[in-house]
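As structure tokens, the structure follows; a few thoughts come after it.
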Amino acid sequence: MRRRLRAVRLAAPFAALALAACGYTFGSGLRERGLRTVALTLVGNETWRQRLEVELSAALARELPVSTDLRLATAAQADATLEVTIAEAKERTLVPGATPVLEGTLAAAVSMRLVGRDGKPLLERVLLDRTEFRDPIGENLTSARAELANDLARKIALALDGRALRAGTGR
């Protein structure tokens, strides 16, 4: 037993060194680029689906501090600005019924852009998400909208992960 414990103690530093040598890092990588704060502009909406931008803005304000190393700040104080626009939102009926819709789906496409203080884009992405709802189990279009907004906010936070920023392309 002591031999195994001793072997583990000797191997641990080498394992950590091997992980570091492979290019793996912890955190988002945004700090290395000097990005610690971000301003969130009002989410734009280019669709006919009203108020989805309000739900997405609220979800982003909750998700970014939790899932990234970034703190929310005012535009004057922020290191970068996050611009998000809902480019497309579609509802589709899967199973019509006695109620307006028994089963349906809601899909959306958003474009996100992280812009530095100098006005240069640091990251640009188009993200897609889709959620389904089933009336017989208590889901409806309202719950689907909330789930879609939360999922999109999570995807945006993951896109701010920083790997594309470290690679230097950002696109």
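The values are calculated or read from the model by the stated rules, or taken from the named source; none is laboratory data. No experiment lies behind these values; they were computed from the predicted model shown. So basically every Cβ, Gly included, is an ideal-geometry build from the backbone, and we count neighbours across all protein chains shown.
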Problem - Filter result for D118 (more than 19 Å from the chain's Cα centre (by Cα) and either at pLDDT below 95 or outside any helix (DSSP H, G or I) (or both)) - result: yes
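To keep it simple, each residue is scored yes or no on (1) within 24 Å of N45 (Cα to Cα); (2) touching a Lys or Arg at 6+ places or on another chain (Cβ under 8 Å).
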position: E63; (1), (2): yes, yes
position: G116; (1), (2): yes, no
position: G119; (1), (2): yes, no
position: E139; (1), (2): no, no
Exercise for the section: With the checklist (1) surrounded by 15 or more Cβ atoms within 10 Å (Cβ to Cβ); (2) touching a strand residue (DSSP E or B) at 6+ places or on another chain (Cβ under 7 Å); (3) within 30 Å of I137 (Cβ to Cβ); (4) at pLDDT 90 or above in hand, flag the one item E55 doesn't pass. Expected result: (2)
Exercise for the section: Could you list all residues from segment 139-171 that are out of contact with any strand residue (DSSP E or B) (no Cβ under 8 Å at 6 or more places or on another chain) and modelled with pLDDT of 80 or more? Expected result: T142, A146, A149, N150, A153, R154, A157, L158
Exercise for the section: Within segment 83-102, identify whether any single residue is under 16 Å from the mean Cα position of the chain (by Cα) and under 15 Å from D151 (Cβ atoms), and answer yes or no. Expected result: yes
Completion exercise
Scanning segment 79-104 for residues that are modelled with pLDDT under 90, in a strand (DSSP E or B) and surrounded by fewer than 16 Cβ atoms within 10 Å (Cβ to Cβ) gives E91, R92, T93, L94, V95
